[in-house]
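Here is the structure we will look at.
Bear in mind that the values in this text are calculations on the coordinates, not laboratory data. As the structure is a computational prediction, the values presented were derived from the model and not from experiment. Here the Cβ is made from the backbone with ideal geometry for all residues, glycine too, and neighbour counts use every protein chain on show.
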Amino acid sequence: QRLKAAVHYTVGCLCQEVEEGKDVQFSKQSIAAISEITFRQCVVFFILCRHAKRTTVTTEDVKLLARRSNSLLKYITQKSEELASSNMEQKEKKKKKSSAAKGERTPGEQEESVTENEDSNTA
């Protein structure tokens, strides 16, 4: 019940955000209907994962259930790719920061250092 109430609250907040950005309003009944559909869809995701003997819902699970709607599947795939590339960029930034903090050099910096040493040796 608490989880269902949390979904209902979150859907209500999202509907309010949409109302502010657009010139529409959601009735209490429509918010309740959207909440119920969302909750039931989440239950389907959980059942799908349990059937696959997993405990985590993946993007592939979401894509599998959205495959009947081409536009929804396309949107989910696009967002998934955007998130994946964003995560890769963040990981690379963290790597660079941690290697800089340790005093390590990136491969490009190592090549510059070797070239400078060779130049000073030939002079």
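Key figures
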quantity	calculated
In order through segment 67-83: 3J(HN,Hα) via Karplus (6.51 cos²θ - 1.76 cosθ + 1.60), integer Hz, x for Gly, Pro	5, 6, 10, 4, 5, 5, 4, 4, 5, 5, 4, 4, 5, 4, 5, 4, 5
Three semi-axes of the equivalent ellipsoid, segment 1-42, Cα gyration tensor, whole Å, largest first	19, 10, 8
Extension gain from residue 4 to residue 92, taking 0.36 nm per residue of separation minus the Cα-Cα distance	27.9 nm
Euclidean distance between Cα centres, segment 74-91 to segment 32-64, Å	20
Residue 65 versus residue 78: modelled label distance in nm, points set 7 Å from Cα along the beta carbon direction	2.2
